[in-house]
Amino acid sequence: MENNDILIRVRYALDIKDNDMVKIFKLGGVDVTKEDVLTMLTKPKDDFEEDDWEMKINNTRLESFFNGLVTFKRGPREKNPASRIQPQLL
């Protein structure tokens, strides 16, 4: 399975819209347009190669997407989180 396939499956499983995909990539540190997102998700219709994508997604870009997805779903991380109480062993 290629990165493009993973991106498509995650997108449809979580019902993510095109505009949200752009926001997610931006939260992950990658600037893409809506057209770029559509290009990442489509294969050429006239070619029968299974792994031939219009815009192939590398591991770094997919990692950025997942990092952005976590931020998109959970919200941004707090700057100075309250110190946590560590459990003490008896």
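Can you find, within segment 44-90, the residue that is nearest to residue 5 (Cα to Cα) among those that are modelled with pLDDT under 90 and of a type in the set (A, V, I, L, M)?
Selected residue: 57.
Which ones in segment 21-44 are assigned to a helix (DSSP H, G or I) and either in contact with a Gly (Cβ under 8 Å, 6 or more places away or on another chain) or among the aromatic types (Phe, Trp, Tyr) (or both)?
Initially, segment 21-44 is screened for residues assigned to a helix (DSSP H, G or I), giving 21-27, 34-40.
The answer is 23, 24, 25, 26, 27.
Go through segment 21-33 and count every residue that is exposed (fewer than 12 other Cβ atoms within 10 Å of the Cβ) and touching a residue at least 40 places away in the same chain (Cβ under 8 Å).
Residues flagged as exposed (fewer than 12 other Cβ atoms within 10 Å of the Cβ) and touching a residue at least 40 places away in the same chain (Cβ under 8 Å) within segment 21-33 amount to 0.
Quick one: in segment 1-20, of everything that is part of a helix (DSSP H, G or I) and touching a residue at least 40 places away in the same chain (Cβ under 8 Å), which residue is nearest to residue 68 (Cα to Cα)?
Kept after step one, since they are part of a helix (DSSP H, G or I), are these residues of segment 1-20: 3-13, 18-20.
Subset that is touching a residue at least 40 places away in the same chain (Cβ under 8 Å): 3-4, 6-7, 10, 20.
Numbers: 3: 16, 4: 16, 6: 15, 7: 13, 10: 13, 20: 10 Å.
Residue satisfying both the conditions and the ranking: 20.
The values are calculated or read from the model by the stated rules, or taken from the named source; none is laboratory data. Note that the structure is predicted; figures quoted are calculated from it, not measured. When we count neighbours, we look across all protein chains shown, and the Cβ atoms used for this are built from the backbone with ideal geometry, even at glycine.
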